[in-house]
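A.B. asks: So that we are looking at the same thing, I have put the structure below in structure tokens.
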Amino acid sequence: MPRPTTHRSARSLSAGVAACAVALALASSAAPALAGPGAPPAGSGAALLPPAAPGTAGPAGPQDHHLPGVPGTRPAAQQAAVTATWATIPAYPTRIEDNVVGNDGGTLYSVAGYAGTSRTSAMYSYTPGGAWKPRASIPVSTVNGSGAFMGGRFYVTDGWGPDGSPSAALNVYDPGTDTWTAGASTPAPVAAAGTAVLDGALYTVGGCTGTGCTTTNAVSAYDSATGTWSRKASYPVKAAYVACAGLAGRVYCAGGNTGTSQLTSTYAYEPGRDKWSSVAALPEDLSASGYAAVGGRLYVQGGFAGNGLTVTDRGYAYDPATDTWSTLPAAVAPAARGGSASGGSAFYVIGGRPTLDPATIGNTSQVLTTG
């Protein structure tokens, strides 16, 4: 029986302001968040960059890359709320956000990200009913990378690397031997991309380029069978922090941030036609959310909402069969920029921040169980 294939990429944005210049330049804030490799941001926040140690400047740590947002329109059609229950599981061993999370055979793995004061290369695993256990660290520590389990291996790529630029490295983890090996480097490295798995391929959608966050609409796919990368049709909008999943032969992506506005738009990609098409929009603008494919639906949970001015505990599930969104139960705690993944009927959100303040990055681990 094939192992469940899940993904996660951690996504992140922080407080919002009406001006794009403030969002990307972030010239005056007292509380740094993950922004590009440079001085901590100032002002009312911005969230599209990588981390730098608080109080420092340069590629060593994160800045707050928040992109300002605008209210989104709500789709006309919604189904009844999803019946499910949130609960907490053991807290993650460290504070964490922008981590990559995957699930293999019921065991959850979380690797890399930002640990509140510095980037990390550490990885831990969790099996329901047990505790988090340390595993082999990833060779290249990245922030806001992309990753997924495919064929029993954990593929992790992209994300802001130690020098502050998106890393081209692809690292592959074998849970049987607890070792990492190098895979084919991506030809178009990004950070904060949407991530999905479909038919043995890892898709990265949109994201940020450069040491800051210049949003892109590039789409790449890594074929785990051939070990090669290919470019796909561009996403309809240049955006980062979108939520994606592979469902019913297509890749679906929702929300995100363009650098000047938050999004509610949702699109479906057909590999056979190499084409994106519009589907029902998210009920509200969300970015840096937790997301995964769960029970044939795209779950989008939490993140930055309301023009990026708040962190929400709300979530939604998209059903491709009916082209409608349903409401998910409110999470135990709001979270933005946390890592996420699914495992069977369970949907996990690991870490993240419950408020706009990067000082509140936490280690709360939550699970939504359906059925």
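A.B. asks: Any residue that is in contact with a strand residue (DSSP E or B) (Cβ under 8 Å, 6 or more places away or on another chain), surrounded by fewer than 18 Cβ atoms within 10 Å (Cβ to Cβ) and in a strand (DSSP E or B) - is there at least one of those in segment 165-177?
C.D. replies: Within segment 165-177, one or more residues are in contact with a strand residue (DSSP E or B) (Cβ under 8 Å, 6 or more places away or on another chain), surrounded by fewer than 18 Cβ atoms within 10 Å (Cβ to Cβ) and in a strand (DSSP E or B).
A.B. asks: Quick one: in segment 140-160, which of the residues that are of a type in the set (A, V, I, L, M) and not in a loop (DSSP other than H, G, I, E, B) is nearest to residue 182 (Cα to Cα)?
C.D. replies: Looking at residues that are of a type in the set (A, V, I, L, M) and not in a loop (DSSP other than H, G, I, E, B), I get 156.
A.B. asks: Then there is this: Here is a check on your reading of the model: is residue 109 more than 18 Å from residue 335 (Cβ to Cβ), hydroxyl-bearing (Ser, Thr, Tyr) and either at pLDDT 95 or above or surrounded by fewer than 18 Cβ atoms within 10 Å (Cβ to Cβ) (or both)?
C.D. replies: In short, yes.
A.B. asks: I would also like to ask the following. From the list 326, 340, 277, pick out the single residue that is touching a Phe, Trp or Tyr at 6+ places or on another chain (Cβ under 7 Å), surrounded by fewer than 18 Cβ atoms within 10 Å (Cβ to Cβ), assigned to a strand (DSSP E or B) and polar (S, T, N, Q).
C.D. replies: Every option except 277 fails the conditions.
A.B. asks: Here's something else I'd like to know. Could you tell me which numbered condition residue 225 fails, if it satisfies all but one of (1) buried (at least 19 other Cβ atoms within 10 Å of the Cβ); (2) among the aliphatic types (A, V, I, L, M); (3) within 25 Å of residue 320 (Cβ to Cβ)?
C.D. replies: Residue 225 satisfies every listed condition except (1).
A.B. asks: Answer with yes or no whether residue 91 is of a type in the set (A, V, I, L, M), surrounded by fewer than 24 Cβ atoms within 10 Å (Cβ to Cβ) and under 22 Å from residue 294 (Cα atoms).
C.D. replies: no
A.B. asks: Now a separate question. Out of all the residues in segment 178-207, which are among the polar types (S, T, N, Q) and crowded, with 24+ Cβ neighbours inside 10 Å?
C.D. replies: From segment 178-207, those among the polar types (S, T, N, Q) are 179, 181, 185-186, 195, 204; that's our starting set.
Within segment 178-207, 195, 204 meet the criteria.
A.B. asks: So if I check each of 327, 260, 322, which one is in contact with a helix residue (DSSP H, G or I) (Cβ under 9 Å, 6 or more places away or on another chain) and either modelled with pLDDT of 95 or more or polar (S, T, N, Q) (or both)?
C.D. replies: One residue alone meets the criteria, 260.
A.B. asks: Does residue 356 satisfy the criteria of being under 27 Å from residue 232 (Cβ atoms), in contact (Cβ under 8 Å) with a residue 40 or more places away in the chain and either in contact with a Gly (Cβ under 7 Å, 6 or more places away or on another chain) or part of a loop (DSSP other than H, G, I, E, B) (or both)?
C.D. replies: No; evaluated as a whole, the condition is false for this residue.
A.B. asks: Given the conditions (1) farther than 25 Å from residue 255 by Cβ; (2) touching a Gly at 6+ places or on another chain (Cβ under 9 Å), and given that residue 125 satisfies all but one, which numbered condition is not satisfied?
C.D. replies: (2)
Residue-wise test of (1) of a type in the set (S, T, N, Q); (2) more than 24 Å from residue 287 (Cβ to Cβ).
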{"residue": "87", "(1), (2)": "no, yes"}
{"residue": "106", "(1), (2)": "no, yes"}
{"residue": "110", "(1), (2)": "yes, no"}
{"residue": "114", "(1), (2)": "no, no"}
{"residue": "133", "(1), (2)": "no, yes"}
{"residue": "139", "(1), (2)": "no, yes"}
{"residue": "147", "(1), (2)": "no, no"}
{"residue": "161", "(1), (2)": "no, no"}
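A.B. asks: Which condition breaks for residue 283 when tested against (1) in a loop (DSSP other than H, G, I, E, B); (2) more than 24 Å from residue 315 (Cβ to Cβ); (3) not hydroxyl-bearing (Ser, Thr, Tyr)?
C.D. replies: The failed condition is (2).
A.B. asks: Which residue, of 321, 288, 359, 336, is closer than 29 Å to residue 129 by Cβ and among the hydrophobic types (A, V, I, L, M, F, W, C)?
C.D. replies: Testing whether each residue is closer than 29 Å to residue 129 by Cβ and among the hydrophobic types (A, V, I, L, M, F, W, C) leaves just 336.
A.B. asks: Starting from segment 209-232, keep only residues that are more than 14 Å from residue 186 (Cβ to Cβ), then list their pairs with residues that are in a strand (DSSP E or B) whose Cβ atoms are within a distance under 6 Å, requiring at least 6 positions of separation or different chains.
C.D. replies: Within 6 Å, the pairs are 215/240.
A.B. asks: For segment 301-316, enumerate the residues that are over 16 Å from residue 327 (Cβ atoms) and crowded, with 24+ Cβ neighbours inside 10 Å.
C.D. replies: Listed by number, the residues that qualify are 304, 308, 311.
A.B. asks: So in segment 169-227, with the set limited to residues that are on the phi > 0 side of the Ramachandran plot and small (Gly, Ala, Ser), which one is modelled with the lowest pLDDT?
C.D. replies: Step by step, filter segment 169-227, then rank; the result is 210.
A.B. asks: Still on this structure: Six or more apart or on different chains, Cβ atoms under 9 Å: show the pairs whose first residue is in segment 269-285 and more than 18 Å from residue 257 (Cβ to Cβ) and β-branched (Val, Ile, Thr) and whose second is outside any loop (DSSP other than H, G, I, E, B) and modelled with pLDDT of 95 or more.
C.D. replies: 279/252; 279/254; 279/266; 279/267; 279/268; 279/318
The values are calculated or read from the model by the stated rules, or taken from the named source; none is laboratory data. Everything quoted here is computed from the prediction, not taken from an experiment. All Cβ positions, even for glycine, are placed from backbone atoms using ideal geometry, and neighbour counts span all protein chains on display.
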